[in-house]
1. Restricting attention to region 64-91, report how many residues are assigned to a loop (DSSP other than H, G, I, E, B) and either among the hydrophobic types (A, V, I, L, M, F, W, C) or touching a Cys at 6+ places or on another chain (Cβ under 7 Å) (or both).
2. With the requirement that a residue be exposed (fewer than 13 other Cβ atoms within 10 Å of the Cβ) and among the aliphatic types (A, V, I, L, M), what does region 156-192 give you?
3. When you go through (1) assigned to a loop (DSSP other than H, G, I, E, B); (2) among the hydrophobic types (A, V, I, L, M, F, W, C); (3) at pLDDT below 90 one by one for Ala94, which number turns out not to apply?
4. Taking the criterion of being surrounded by 13 or more Cβ atoms within 10 Å (Cβ to Cβ), under 26 Å from Ile153 (Cβ atoms) and either in contact with a helix residue (DSSP H, G or I) (Cβ under 8 Å, 6 or more places away or on another chain) or in the same structural domain as Leu185 (by TED's automatic domain parsing) (or both), would at least one residue in region 28-45 satisfy it?
5. Report yes if some residue within region 51-58 is part of a helix (DSSP H, G or I) and buried (at least 18 other Cβ atoms within 10 Å of the Cβ); otherwise report no.
6. Have a look at Leu157, Leu177, Leu131 and point out the one that is within 20 Å of Arg105 (Cβ to Cβ) and either in contact (Cβ under 8 Å) with a residue 12 or more places away in the chain or in contact with a His (Cβ under 6 Å, 6 or more places away or on another chain) (or both).
7. Exactly one of (1) at negative phi; (2) out of contact with any Lys or Arg (no Cβ under 9 Å at 6 or more places or on another chain); (3) at pLDDT 85 or above is unmet by Arg20. Its number?
8. Which one is nearest to Lys134 (Cα to Cα), of the residues in region 151-180 that are small (Gly, Ala, Ser) and over 15 Å from the mean Cα position of the chain (by Cα)?
Amino acid sequence: MELYLKGERCFTDKCAIKRRNYPPGQHGQARVKVSSYGIQLREKQKVRRIYGILEKQFRGYFHEADRMKGVTGENLLCLLEKRLDNIVYRLGFAASRSEARILVRHGHFKVNGRKVNIPSFQVKVSDVIELREKSRSIACINEALDAVVRRGIPQWLELDKEGFKGVVKAAVTREDLTTPIQEQLIVELYSK
């Protein structure tokens with residue numbers, strides 16, 4: 001499945017999934033019957049790779065989502081979407097989530113006027129994410145902002161390209177997420 005982990009490359013013909021839609025190696029094209037546990041595990045691994053999170057951190061997000069009111073799977077996805085590195089990617093300051101993580105880690109962004117260099121920082125509604133003055137001339141950020149038209153910005157975010165800032169307008173809901181994720185499989189996996 002196409003996860004768009006490589007940024008712009010995923011929109012061209014050089015994308016590995018478009019070239020060969022099967023695993024590498026001699027036995028890659030063989031049909032394999034996958035168990036229900038395998039399907040659940042594959043879904044969890046897919047979400048982990050999309051957001052670039054390690055297992056222990058992902059489990060912590062799941063337990064936090066489980067304690068919250070509402071549907072656990074939707075709460076999990078909302079927690080993952082509210083991470084600062086994901087918001088930076090969604091606003092179009094980076095071509096991929098891994099690039100956004102690096103930019104946040106290097107201290108290029110401010111949240112409500114304060115420098116934040118923690119990619120897992122949870123952004124709240126009405127927070128202002130701003131690119132620092134010194135970082136506005138970085139080539140990869142400007143290229144990503146020019147290419148944001150192709151990917152689009154979610155309705156719950158607002159971008160000011162000239163001011164290099166974005167605002168979280170509303171809380172993210174499951175309807176806002178277009179990624180093909182079956183969060184119920186993840187809940188079933190952790191409920192065993």
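1. The first filter runs over region 64-91 and keeps only residues assigned to a loop (DSSP other than H, G, I, E, B), leaving 68-71, 82.
This time we only want the ones that are either among the hydrophobic types (A, V, I, L, M, F, W, C) or touching a Cys at 6+ places or on another chain (Cβ under 7 Å) (or both), so: 68, 71.
Final tally of qualifying residues: 2.
2. Ala171
3. If we test Ala94 against (1) assigned to a loop (DSSP other than H, G, I, E, B); (2) among the hydrophobic types (A, V, I, L, M, F, W, C); (3) at pLDDT below 90, just (3) comes out false.
4. Scanning region 28-45 turns up no residue that is surrounded by 13 or more Cβ atoms within 10 Å (Cβ to Cβ), under 26 Å from Ile153 (Cβ atoms) and either in contact with a helix residue (DSSP H, G or I) (Cβ under 8 Å, 6 or more places away or on another chain) or in the same structural domain as Leu185 (by TED's automatic domain parsing) (or both).
5. Initially, region 51-58 is screened for residues part of a helix (DSSP H, G or I), giving 51, 55-58.
Next cut, buried (at least 18 other Cβ atoms within 10 Å of the Cβ) only: 51, 58.
Yes, there is a match, as at least one residue in region 51-58 is part of a helix (DSSP H, G or I) and buried (at least 18 other Cβ atoms within 10 Å of the Cβ).
6. Details: Leu157 fails: within 20 Å of Arg105 (Cβ to Cβ); Leu177 fails: within 20 Å of Arg105 (Cβ to Cβ).
One residue alone meets the criteria, Leu131.
7. Failing condition for Arg20: (3).
8. The first filter runs over region 151-180 and keeps only residues small (Gly, Ala, Ser), leaving 152, 163, 166, 170-171.
From what's left, over 15 Å from the mean Cα position of the chain (by Cα): 163, 166, 170-171.
Details: Gly163: 13, Gly166: 17, Ala170: 29, Ala171: 30 Å.
Per the stated criteria, the residue is Gly163.
The values are calculated or read from the model by the stated rules, or taken from the named source; none is laboratory data. Small disclaimer: the values here were computed from a predicted structure and weren't measured. Positions of Cβ are backbone-derived with ideal geometry, glycine not excepted, and every protein chain shown enters the neighbour counts.
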